[in-house]
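Read through the structure below, which is laid out as structure tokens, and then see the notes.
The values are calculated or read from the model by the stated rules, or taken from the named source; none is laboratory data. Keep in mind the model is a prediction, meaning the values are calculated, not measured. Here the Cβ is made from the backbone with ideal geometry for all residues, glycine too, and neighbour counts use every protein chain on show. Accessible surface is based on the protein model in full, side chains and every heavy atom, while ligands, DNA and RNA are left aside. Shrake-Rupley method; radii C 1.70, N 1.55, O 1.52, S 1.80 Å.
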Number of protein chains: 2
Amino acid sequence: MHNLLINKLEQFTKLSPEDKQVLADVARGRVWVRGAREDIIQEGDKPTCVNLILKGWACRYKMLPDGRRQIIAFFVPGDLCDLHVFVLRAMDHSIGALTPITFAEISRETLRNIMSDHPRITEALWWDALVTVAIQREWTVNLGQRSAFERLGHLLCELFLRLRAVGLTQGNACEFPVTQTELADATGLTTVHVNRTLQELRGEGLIELHGKHLIIPDLEALETASVFNLNYLHGDHEGSALDARNGEIGSAGQRSRGA
Amino acid sequence: MHNLLINKLEQFTKLSPEDKQVLADVARGRVWVRGAREDIIQEGDKPTCVNLILKGWACRYKMLPDGRRQIIAFFVPGDLCDLHVFVLRAMDHSIGALTPITFAEISRETLRNIMSDHPRITEALWWDALVTVAIQREWTVNLGQRSAFERLGHLLCELFLRLRAVGLTQGNACEFPVTQTELADATGLTTVHVNRTLQELRGEGLIELHGKHLIIPDLEALETASVFNLNYLHGDHEGSALDARNGEIGSAGQRSRGA
DNA sequence: CGTCAAGTTGAAACAGGTCAAATACCGTGG
DNA sequence: CCACGGTATTTGACCTGTTTCAACTTGACG
């Protein structure tokens, strides 16, 4: 369950058994559920807690007054929503459940205590927060420069790798409970065009996507087709040797970046 | 010069004279210059310092292997590049000068000292960092949902307001040393289309842009036309009453966000 | 086995891209 | 002070990726 977060953080650093216990306890606090499509936090709210997603998918999104919606980020199990959130007065966006969801609230005090007593965890949480904004930057590139085909492929690569980092993949497969409408709102495309583009991706044998199940037969091929470079996920740290979950190792060329 | 940063931070909180002195001293350290188009930091580099832009404009950008470039963020005087940068091993993007530029390096130790001795400054720097990522989120919305016309208008609003926050506007005018090619790389459009769209904006009387000089005759009109909502700049804090620089006050409806 | 959301299809329209050339601008050196 | 060369802006004609609209099919679930 909540060792998903531990899995993820260990990409970056090795945690002591005590560290792990602390993280495991975090998720024992106030735990909540929401149904699909319900909001967890709304734009304008004063943020009160950091939320740790235990189960289900959520997203950060923003609405324009005329009804356009942009999904700004996806949250998968093991993700933290807004580590930093206490400084700002009001949320400038909403967070909503995409599927039925379970999450744990982490209070300000709990977080403060962890941060003052457990430097390894603290550093790892920072790393996680920084990767989150690196992802946001990559989304900017995705929306600004990539074609519909590349854009969707890129998003699928990213989510697959993130799921793999927490241990939620089985070989080259994973659950993928996102509708085409939601993919459209995340990629800035139309539902119709997402549909056609997914068909193209299927046609080229790059993905298999039925129902809520995704298979990426050849991840490297999909990465290439999507102009994907995993640099931005910053998984290349101390712990990353342990990252060979499911017998696979990060694929694209993250070592070769000369001076 | 470097009281630009002070101006900006005072949007958020009131700083003591001592705080201000500390910030003023920061920019006395190692100061560098770069010519237009030179890089300050390159993708793959190990980041070593936080940079404070003193003069000139810069940008964060990412290249795709085939030459496509996305500008991910603009930096104007008073902006800090990457407060947080020490945790990650390698830059996943580059920072380049758009104009000839002057910037001050702030070392890890200096920063650490400030953070341990000056809680007001620390909090204000946090606020600044969080606003930076809020801007990144808004860019996602901009690229994903807005038309070319809205997109450019939105960008101009944002930059104008950011310049105003540091005191670099004169009434409804400001310097705007960005080429159409750079605007294109920031908005995910073509140079050609940026050119035509700017003409449209001029045609509607929403902007005047010649050479390196921008005038926004009616900011509120431009905001409306661009579906701009200044929430995301989070300027509505303690110090914001002092924000009436140049006799103007923030315009759009940031108060009205009902429960 | 009905109902509602999600996915799929087709045809037509349009926003924005492409290519290529012309013009304006600006700093530099003579 | 002017001519020069390179960069930035502007224009025109044409092309295409993506949107729009509207209907139809499939699938999940009670």
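Can you confirm whether A:LEU52 is open to solvent by less than 10 Å² (accessible area, probe 1.4 Å) and within 19 Å of the chain's Cα centre (by Cα)?
Numbers: open to solvent by less than 10 Å² (accessible area, probe 1.4 Å): yes; within 19 Å of the chain's Cα centre (by Cα): yes.
Yes.
Answer yes or no as to whether A:GLY188 is within 12 Å of DNA strand D (Cβ to nearest atom), open to solvent by less than 50 Å² (accessible area, probe 1.4 Å) and of a type in the set (Gly, Ala, Ser).
Details: within 12 Å of DNA strand D (Cβ to nearest atom): yes; open to solvent by less than 50 Å² (accessible area, probe 1.4 Å): yes; of a type in the set (Gly, Ala, Ser): yes.
Criteria met by A:GLY188.
Among residues belonging to region B:89-107 that are facing another protein chain (nearest Cβ under 8 Å) and crowded, with 20+ Cβ neighbours inside 10 Å, point out the one that is farthest from B:ARG164 (Cα to Cα).
It comes out as B:ASP92.
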(request) Just give me the residues in region B:151-170 being open to solvent by 30 Å² or more (accessible area, probe 1.4 Å) and farther than 25 Å from B:ASN195 by Cβ, in sequence order. (result) B:GLY167, B:LEU168, B:GLN170
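What tally of residues in region A:133-149 results from selecting those that are of a type outside the set (S, T, N, Q), more than 9 Å from chain B (Cβ to nearest Cβ) and either buried (at least 23 other Cβ atoms within 10 Å of the Cβ) or under 20 Å from A:VAL192 (Cα atoms) (or both)? Break it down into steps so the answer makes sense when it comes.
Within region A:133-149, the subset of a type outside the set (S, T, N, Q) is A:133-135, A:137-139, A:141, A:143-144, A:146, A:148-149.
With the extra rule that they be more than 9 Å from chain B (Cβ to nearest Cβ), the set shrinks to A:135, A:148-149.
If we keep only those that are either buried (at least 23 other Cβ atoms within 10 Å of the Cβ) or under 20 Å from A:VAL192 (Cα atoms) (or both) as well, we get A:148-149.
Total meeting the criteria: 2.
Mind listing just one residue for me: the one in region A:108-124 that is among the aliphatic types (A, V, I, L, M) and open to solvent by 10 Å² or more (accessible area, probe 1.4 Å) and, of those, farthest from the other protein chains (Cβ to nearest Cβ)? Spell out the reasoning first.
Kept after step one, since they are among the aliphatic types (A, V, I, L, M), are these residues of region A:108-124: A:111, A:114-115, A:121, A:124.
Adding the requirement that they be open to solvent by 10 Å² or more (accessible area, probe 1.4 Å) leaves A:111, A:114-115.
Details: A:LEU111: 14, A:ILE114: 16, A:MET115: 13 Å.
Here the residue is A:ILE114.
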(request) Would you point out the residue of region B:60-88, among those that are within 7 Å of chain A (Cβ to nearest Cβ) and open to solvent by less than 10 Å² (accessible area, probe 1.4 Å), that is nearest to B:ILE6 (Cα to Cα)? (result) B:ILE72
(message) Report every pair of residues separated by at least 6 positions or lying on different chains whose Cβ atoms are under 7 Å apart, first residue within region A:163-181 and in contact (Cβ under 8 Å) with a residue 40 or more places away in the chain, second polar (S, T, N, Q) and within 16 Å of DNA strand C (Cβ to nearest atom).
(response) A:PRO177/A:THR99
(request) Identify, from the list B:LYS14, B:LYS20, the residue that is touching a helix residue (DSSP H, G or I) at 6+ places or on another chain (Cβ under 7 Å) and in a helix (DSSP H, G or I). (result) B:LYS20
(request) Quickly run through region A:179-215 and pick out the residues that are away from chain B (no Cβ under 14 Å), of a type in the set (Ser, Thr, Tyr) and more than 8 Å from DNA strand C (Cβ to nearest atom). (result) A:THR197
